[in-house]
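What follows is one structure encoded as structure tokens, with my remarks underneath.
The values are calculated or read from the model by the stated rules, or taken from the named source; none is laboratory data. Remember, it's a predicted structure, so these values are computed and weren't measured experimentally. Counting neighbours? That spans all protein chains shown, and the Cβs are built from the backbone with ideal geometry, glycine included. Side chains included, ligands, DNA and RNA excluded: accessible areas come from the protein's heavy atoms. Shrake-Rupley method; radii C 1.70, N 1.55, O 1.52, S 1.80 Å.
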Amino acid sequence: MAMRQTPLTCSGHTRPVVDLAFSGITPYGYFLISACKDGKPMLRQGDTGDWIGTFLGHKGAVWGATLNTDATKAATAAADFTAKVWDAVSGDEVLSLAHKHIVKSVSFTQDSSCLLTAGNDKLLRLYDLNNPETAPQEITGHSAAIKKALWCNNDKQILSAAEDKTIRLWDRSSMEVVKTLTFDTTVSSMEYVAEGEILVITYGKTIAFYNALSLELIKTVEASATINSASLHPEKDFFVAGGEDFKLYKFDYSTKEELESYKGHFGPVHCVRFSPDGELYASGSEDGTLRLWQTAVGKTYGLWKCVLPEDLGTENSEQLYSSAPEIKA
């Protein structure tokens, strides 16, 4: 009997979950933040999904959320025309950065000294968090709302994806565009993998991998449904994707073969990310839940308990590996 995925369902949000991000590995484990249209981003223990706290202060949908590497700071991007920086230990709001339109994306530099924001006003903004009163640097060039902006190349460059159907690579010091990729349709998601400088993007039914420094195409994979998000395993063995058909897909990165697909949620999947240790991946959905999925099914990790092969077929294993309970938050 093949073991079935038993996801951990994290409820608590009351509207669609539209973004999620993991911290790096800290002495206290790693952490997960979720952005939701309910305006209440949540912090969780990354390996168990246990709720730690909710960041209260936004007055509109939260479209983007991120943690710095050591999980001491969080940042959120919202429809109330602000980006906020939070103390991720106490939950207190540290800064509220006013924008002229909806903010969609937030990203810390590795040393947490600078915050990159982007959104519907088509601008990239660079805030010096050590001098928050100083006006941010602004980078112009996109002709439509920016969906995602990320630091890359040791924070010397910036990648941005916008509704003008382009991805642009910018030089931080000159603030000039280095290279532009143009697509036939809007890019739905973008992930930057520092180890190996790989850019993972999704558009339509396509998952594409690029060299993040040169923006040269490495490979593309076609899925059977419209994909909203994809994530590459830290070891680059495989990648996962989720989209409009409520399913999660797992592919072999080398051969591009589809390894697994299963109904993951009760609504479209908006975001999916691997944990920093690669042991699990998280998905967020229109159904208002986050789910955590094991990379290696049957392994003892977090709240999952190992089942030995000789135990399979017993009533107990059927219970352990039954399909996800139908819980809607």
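Using 0.36 nm times the number of residues separating S224 and K205, minus their current alpha carbon distance, what extension gain do you get?
Working: separation 19, 0.36 × 19 = 6.84 nm, distance 0.67 nm.
Full extension of this stretch gives 6.2 nm more.
For segment 61-70, just list the computed ³J(HN,Hα) in residue order, Karplus coefficients 6.51, -1.76 and 1.60, θ = phi - 60°, integers in Hz, with x standing in for Gly and Pro.
My calculation for segment 61-70 gives 4, 9, 9, x, 8, 8, 10, 6, 4, 8 Hz in order.
Within the chain, what whole-number % of the accessible surface is contributed by carbon and sulfur, with the 1.4 Å probe and all protein chains included in the calculation?
49 percent
Run the quick spin-label model on Q110 and V94: label points 7 Å from Cα toward the beta carbon, then report their separation in nm to one decimal.
1.9 nm
Return the FRET efficiency for the residue pair L303, K156: r is the Cβ-Cβ distance, R0 is 56 Å, and the value is rounded to the nearest 0.05.
Once rounded, the FRET efficiency stands at 0.90.
Using Cα springs under 10 Å in a Gaussian network model of the chain, which residue among T14, T82, T185 shows the largest mean-square fluctuation?
T185
Using the heavy atoms of the protein chains alone and a 1.4 angstrom probe, what is the accessible area of the chain per residue in square angstrom? If you can, show how the numbers build up before the last one.
Values: 13720 Å² over 329 residues.
Normalised by residue count, the accessible surface of the chain is 42 Å².
Of the candidates A194, A241, A65, which one comes out as most mobile in a Gaussian network treatment of the chain with C-alpha springs shorter than 10 Å?
Comparing A194, A241, A65 in a Gaussian network model of the chain, the most mobile one is A194.
Give me the distance in nm between label points sitting 7 Å out from Cα along the Cα-to-Cβ direction at S173 and D70, one decimal.
Inter-label distance under the simple model: 2.7 nm.
What nm value, rounded to one decimal, do you get for the distance between F183 and M3 when each label is placed 7 Å out toward the C-beta?
3.4 nm
Show me, for segment 183-200, the HN-Hα J-couplings you get by feeding each phi into the Karplus relation (A = 6.51, B = -1.76, C = 1.60, θ = phi - 60°), rounded to Hz, glycine and proline as x.
Result, ordered by residue: 10, 7, 9, 5, 6, 8, 7, 8, 10, 10, 10, 5, 6, x, 6, 10, 10, 10 Hz.
Taking 22 Å as R0, compute the FRET efficiency from the Cβ-Cβ separation of T140 and L215 and round it to 0.05. Could the numbers behind the result be given before it?
Working: r = 20 Å, r/R0 = 0.91.
Approximately 0.65, to the nearest 0.05.
What lysines does K37 reach when the alpha-carbon gap must be under 19 Å and sequence neighbours fewer than 8 apart in one chain are set aside?
The reachable lysines, counting only those whose Cα sits under 19 Å from K37, are K59, K84, K104, K147, K148, K328.
For the full complex of protein chains and a 1.4 angstrom probe, list K148, K156 by accessible area with the highest value first. Don't skip to the answer; put the middle values down first.
On the way: K148 45, K156 110 Å².
The most accessible residue leads, giving K156, K148.
What does the net charge come to around F31 if you take all other residues with beta carbon closer than 14 Å to its beta carbon, with K and R at +1 and D and E at -1?
-2
Whenever you get a sec, line up Y28, Y301 from highest to lowest accessible area (probe 1.4 Å, protein heavy atoms). Could the numbers behind the result be given before it?
Numbers: Y28 175, Y301 40 Å².
So the residues, ranked largest to smallest area, are Y28, Y301.
Between C36 and residues 5 or more places away or on another chain, which pairs have amide H atoms under 5 Å apart, with H built 1.01 Å from N, and which residues are they?
HN-HN under 5 Å from C36: V18, V62.
What net charge is computed for the residues neighbouring S224, neighbours being all others with C-beta under 15 Å from the C-beta of S224, Lys and Arg scored +1, Asp and Glu -1?
Numbers: positive: K205, K247, K250, K256, K263; negative: E222, E244, D245, E257, E258, E260.
Local net charge: -1.
Please list, ordered by chain and number, the residues whose modelled amide H lies under 5 Å from the amide H of S229; skip anything fewer than 5 residues away on the same chain.
Placed amide hydrogens put G242 under 5 Å from S229.
Could you pull the accessible area for D92 with a 1.4 Å probe, rounded to 10 Å²?
Spelled out: D92, probe radius 1.4 Å, area about 90 Å².
Leaving out ligands, DNA and RNA but keeping every protein chain, what accessible area does K40 have, in Å² rounded to the nearest 10, with a 1.4 Å probe?
100 Å²
Can you work out ³J(HN,Hα) from phi for every residue in segment 134-143, in order, using Karplus 6.51 cos²θ - 1.76 cosθ + 1.60 and θ = phi - 60°, giving whole Hz and x for Gly and Pro?
3J(HN,Hα) across segment 134-143, in whole Hz: 5, 4, x, 6, 10, 10, 10, x, 6, 9.
For segment 1-64 and segment 221-264, what is the separation of their C-alpha centers, rounded to whole Å?
After rounding, the separation between the Cα centres reads 20 Å.
Could you order Y249, Y203 by accessible surface area, starting with the largest, using a probe radius of 1.4 Å?
Working: Y249 10, Y203 45 Å².
Reading off the accessible areas and sorting them downward yields Y203, Y249.
What's the local net charge at Y203, with K and R +1, D and E -1, over the other residues with C-beta under 10 Å away? Could you put the intermediate results ahead of the total?
Numbers: positive: K165, K205; negative: D184.
Summing Lys and Arg as +1 and Asp and Glu as -1 gives +1.
Pull up all non-local amide H partners of F31: gap of 5 or more, or a different chain, and H-to-H distance under 5 Å with H placed in the peptide plane.
The answer is S23, G46.
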